[in-house]
Every structure is written in C-alpha cells, then in structure tokens.
1. Quick one: how many residues across segment 131-155 are in a strand (DSSP E or B), crowded, with 23+ Cβ neighbours inside 10 Å and among the aliphatic types (A, V, I, L, M)?
2. Is there a residue being surrounded by 13 or more Cβ atoms within 10 Å (Cβ to Cβ), in a strand (DSSP E or B) and modelled with pLDDT under 95 anywhere in segment 5-23?
3. Out of the strands (runs of 3 or more DSSP E) lying entirely within segment 305-354, which hold 1 or more residues that are open to solvent by 30 Å² or more (accessible area, probe 1.4 Å) and more than 27 Å from Gln283 (Cβ to Cβ)?
4. Would you point out the residue of segment 51-78, among those that are among the polar types (S, T, N, Q) and surrounded by fewer than 24 Cβ atoms within 10 Å (Cβ to Cβ), that is modelled with the lowest pLDDT?
5. From the list Val102, Val85, exactly one residue is within 14 Å of Ser133 (Cα to Cα), among the β-branched types (Val, Ile, Thr) and open to solvent by less than 40 Å² (accessible area, probe 1.4 Å). Which is it?
6. Go through (1) under 24 Å from Gly157 (Cβ atoms); (2) open to solvent by less than 30 Å² (accessible area, probe 1.4 Å) and name the single condition Gly231 misses.
7. Tell me which residues, restricted to segment 264-277, are open to solvent by 40 Å² or more (accessible area, probe 1.4 Å) and more than 20 Å from Val156 (Cβ to Cβ).
8. Looking only at strands (runs of 3 or more DSSP E) that lie completely in segment 175-232, which have at least 3 residues being among the hydroxyl-bearing types (Ser, Thr, Tyr)?
Amino acid sequence: MTTPDKAARRALGACAVLAVGALTLTACGGSANAKSDDAKGGKSTAKTSSAKIVISAKDGSTGASINATGVKVSDGTLTDVKMTVAGSGQAVPGAISANGSVWKPKEQLERGTKYQISATAKDASGKTAAANSIFTTVSSANSFIGTYTPDNGTTVGVGMPVSFTFDKVIGDKKAVQSHISVTSSSGQQVVGHWFGAQRLDFRPEEYWKAGSKVTMKIDLDGVEGANGVFGVQEKTVSFTIGRSQVSTVDVNTQTMTVVRDGQTLKTVPISSGSAQHTTYNGQMVISEKFTQTRMNSQTVGLGGEYDIPDVPHAMRLTQSGTFIHGNYWYNKGNPPFGREGTSHGCVGLADVQGAQGDTPAKWFYDHSLIGDVVIVKNSPDKTVSPDNGLNGWNLPWAEWTAGSAG
C-alpha cells in the first residue's frame, strides 16, 4: 500500500491553485522610472529588459504548491534561478529547461515550509531582469493526502479494487471523486463508492478482465476537499491485471478449490473457523502477503488465547484479522485439514515451521497474487462487511453505484 512518504514520492501533487502574476522587475540598465534631459531639453526613458519573469508562488503567499512551484519567463531566457529554504539557506536543487523558458525544482517540496526564489533572465538584446519571491507552502493542516492501492507498475489479481484512504474527512465528495478517474483497457465501466467520509474505492461490476491494464489519474491539485483543506496530489498510476484466479472455500467439505482462468488447478484440504470462532462468508480479496508473521489474539479482541510469532505463508483477507495461512501447530496425530474447522476464524492449510518444505500452504502462497479472490461459502457466520478489507464485491452493483458521488 502506498503511503504519503516523501522518500517514495507517492504523494505527488499540487496544492491550492494560486494566482500567478509577474513580480516587479528590476532592470540592471537603470530604473524603469529613471529619466534624463537631452541637449534640447527633451526627456528620454531609460531602456529596461523586455524579459518578463513569473514565479508561480506569489511573494508573501501561503498555501503555495508543493509540486507545481516554478519559474517561467517570456520574451527572454532564464540565466540563473536559486531556490532555498528561507532562514537556513539550504539549497533546493532544480533545473532550467533546454529552451531556457522554465525552471522547476527536481524534488517535491515540503509542506508548511518557507522558501525563497531568486531568478534572473535576459532578453534578446542582453538586458537582464530579476524577480524574487518568499512564500510558504501549504500546511499539513490545510491539505489532504490519499493513501492508495495498488501501486504503480504492479500486477494484481482480478479482484483488486482501487482504494483510497484520505487523511482528512472529505466534505465535498463529488469534487474529490470527480478529480480521480479509473479506466481499463478492457472497456469495463468503473465506478467509485464511498465508505464513510475518508475512503473511496473503485471497481467494475464484475471482476477485472485478465490481462487488462488499469489506469488511475489523480488530479487533486488544488481541489478543496473540505472547507480550507486542499488536495496535494497529481499523478498517473497504472497496473496490470494478471491471470484470473478465484479460490472457493467450502466449509461443509473443509476444502478449497483453486480455479485459474476457468480451469481447476487443485483442491486443497483446509481447516476453517471452529464452531465458536466461525469464518466469514463472502468474497474476500488478498490484500497482503507475509512469508511469516506474528499473530496475537489480543490484537483481534480475543484475549490471550494465542500468540504465534512465526505463522507461515499468511495472506490477509480482512482488516479485522481474517487470514488464509499455514498451520504447523496442529495435532499431527489427528490433522483437522479436510475434516473439521479448528481455527479462530482464519482458513488454515497444512504447513511446517519456518515456511520451508513442499506443503499445501506454500503451494497456495506461491500461486497467489495480491488481488486474488478467496470465496468462503456454507459457513454459519455472516457475510463479510464490504469495507472490512478490500471486499466491496459483496455489495450488489446497484448499491455500489448508489454510493458514488460522481
């Protein structure tokens, strides 16, 4: 999952749109208002540069862009641009374009930081002009970021939705949703659905078509998501849908049938939740994979019933703690797989400690992608909530589209 970590550069964007205006230009050849008398008593105006420099962040402004800040010149060529963190003087690297008309920082700026830009340019006759601006970028308090999944360039399963979680409550859902578009090369219609005021998911009516390419365009530059709170992301993300794999767990038979591209790969014996801790029914999407992970019952509100530091081949199905994972602590004299449910709600497969060896759990782990679908049926439990994990497929299409602000 992508977080707004600057080092990862995943939260690219621009803040509130600012009025752009040329600053007062200083001509090196003399003041624009300087005048001199000639021999005949007439007056002539000192010549100034025709180059006009525009710094996108106006002098004295606050809420400036963390990405779109830059310098442009018309009727001239930029000769030097220096950008620093005001106060410390720390240089901000940047580059002038090949034609000399634009300068941009090389990296995203920090939010809530004061900067200074000094720029010089010359016109066709060699006369110079200069402009300066001291400004402050948009603060964290006055901006919002959406953490999204999946990441750019990944290959995911057919059940993987596009999911945004925003770090601020979104008051104007329509404005935000209208500036995020998700399209597929398959031509499938893709619709957004809001789960509360901070989560927005996108999916088609049916699972994505295998092999298709999905493109997400984030254009939240300056979008006011709530009163005085503006977006700071602008990026295009694309990912590929891999082969189609849907695995069905039947609690009645304690088996899981793995179907890939319409063909059954294997039927695997499993152990679902016990009568006291049943497994959710419904369509669940693999959202995370861990070769080994710790599972502690206290983190899911079950007291001190278990604390296993090295659960092998674990794949998350719900945010509340449902996994499909390997089990090495079962009674070797009476294996439950294919016979009875013994877990605390997870789906267990036979495995060995250390996540090594040729086991059913390792086979399924190796043959699974983030975004693959695991369907559980015939459990005495309820259907999983569509917002518990990436499981919006459990909402009928009419209900899904009704939750759109588009």
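1. Number satisfying all stated conditions: 1.
2. Within segment 5-23, the first condition is being surrounded by 13 or more Cβ atoms within 10 Å (Cβ to Cβ), and the residues that meet it are 6, 10-18, 22-23.
Narrowing further to those that are in a strand (DSSP E or B): none.
No, segment 5-23 contains no residue that is surrounded by 13 or more Cβ atoms within 10 Å (Cβ to Cβ), in a strand (DSSP E or B) and modelled with pLDDT under 95.
3. On the way: elements: 307-316, 323-327, 347-350.
Per the criteria, 307-316.
4. Pass one, segment 51-78, residues among the polar types (S, T, N, Q): 56, 61-62, 65, 67, 69, 74, 77.
With surrounded by fewer than 24 Cβ atoms within 10 Å (Cβ to Cβ) added as a condition, the list becomes 56, 61-62, 67, 74, 77.
On the way: Ser56: 95, Ser61: 93, Thr62: 90, Asn67: 85, Ser74: 96, Thr77: 97.
Among them, the one singled out is Asn67.
5. Numbers: Val102 fails: within 14 Å of Ser133 (Cα to Cα).
Only one candidate passes the filter, namely Val85.
6. Just one mismatch for Gly231, condition (1).
7. To start, the set of residues in segment 264-277 that are open to solvent by 40 Å² or more (accessible area, probe 1.4 Å) comprises 264-267, 269, 275-277.
Answer for segment 264-277, where residues must be open to solvent by 40 Å² or more (accessible area, probe 1.4 Å) and more than 20 Å from Val156 (Cβ to Cβ): Thr264, Lys266, Thr267, Pro269, Ala275, Gln276, His277.
8. Numbers: elements: 180-184, 190-195, 199-204, 213-219, 224-226, 229-231.
Counting at least 3 such residues, we get 180-184.
The values are calculated or read from the model by the stated rules, or taken from the named source; none is laboratory data. Only a predicted model underlies this, so the values are computations on that prediction, with no experimental measurement involved. Heads up, the Cβs are rebuilt from the backbone with ideal geometry, glycines too, and the neighbour counts pull from every protein chain shown. Please note that ligands, DNA and RNA were not included when accessible areas were found on the heavy atoms of the full protein model with its side chains. Shrake-Rupley method; radii C 1.70, N 1.55, O 1.52, S 1.80 Å.
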